[in-house]
Amino acid sequence: MAHIHEGRLVRIRPVEEADLEALVAWRRDSQALAGFNPPVLASLHRNRAQWAEDQFLSAEYSLFAVEALADDRLVGKVGFSRDSAHYDHMVRTISQIADPADRGKGLATEARMLLVNYLFLSTQLERIYSETDEGNAPARRSLEKCGMRFEGVLRHLVYDVGRWTDMAVYAILRDEWDESDLYAPYREAFTRPWTKPE
């Protein structure tokens, strides 16, 4: 894999203006949110203004579009946020595949792996983590397939869909990524040739 943004199933890329309507629609749609997040009355006008300012790319928060390689179709989003300036060595990732028909095919897993690989290759981050509803079995399997380790449950962390939600926390550290066979195909194309072992 010779492109930092492309895997076998998906590519991740910066959000384009043409994507904004879909991104806003997904935030309002219970099917797109998979029942684990509340719909939000998101404003297309406000999203356009924010996109015009920074294209959703900053050191504190970045969002990328996910396209299926099979048909170049926008299928979801993946991104990261830095929760606190006091913990600048780590970020939290999110991913979403909007259409239920596209789920269960490994798209979200590969999109998150591309993002993890990109972040470890291009920054000094030490830890990348994700949280998901404790009862969201598909998301938990996806995080495990990304090489993230289950670290525990934070009880009543968020008020979500009319109830307090316990969130399962998963993380991967830099040395775990560096030693993981899962990431070898994503990582090796960008290894400096003069540092490869004999």
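The numbers here are math on the coordinates, done by the rules we state, and not lab data. As the structure is a prediction and not an experimental result, all values here were calculated from the model. Cβ placement follows ideal geometry from the backbone for every residue including glycine, while neighbour counts extend to all protein chains displayed.
How much length is gained if the chain between Ser122 and Glu53 is pulled fully straight, taking 0.36 nm per residue apart and subtracting their Cα-Cα distance, in nm to one decimal?
On the way: separation 69, 0.36 × 69 = 24.84 nm, distance 2.30 nm.
In short, 22.5 nm is gained.
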In nm, spacing of pseudo-spin labels at Glu179 and Trp164 (7 Å Cα→C-beta vector): 3.8 nm
Selection of GluC sites (Glu not before Pro), region 108-146, meeting DSSP coil and at most 13 other Cβ within 10 Å: Glu126
Folded to 0 to 90 degrees: helix 44-54 orientation relative to the chain principal axis, Cα: 30 degrees
Exposed-loop-free span, longest in the chain, where trypsin sites (Lys or Arg not before Pro) count as exposed if DSSP calls them loop and at most 15 other C-beta atoms lie within 10 Å: 9-104
Global geometry of region 40-96, whether rounded, prolate or oblate, following the gyration tensor of its Cα atoms and the 1.5 cut on a/c: oblate
With Cα atoms, 0 to 90° folded angle of helix 107-122 axis to the chain main axis: 50 degrees
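Provide the net charge surrounding Ala101, with neighbours chosen by a C-beta distance below 14 Å and charges set as Lys +1, Arg +1, Asp -1, Glu -1.
Details: positive: Arg73, Arg103, Lys105; negative: Asp29, Asp71, Asp99, Asp102.
Charge balance in the 14 Å sphere: -1.
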Computed [θ] at 222 nm, deg cm²/dmol, the chain (DSSP H ≥ 4; -39,500 (n - 2.57); rounded to nearest 500): -8000 deg cm²/dmol
Between region 70-104 and region 105-151, the alpha-carbon center distance in angstrom: 9 Å
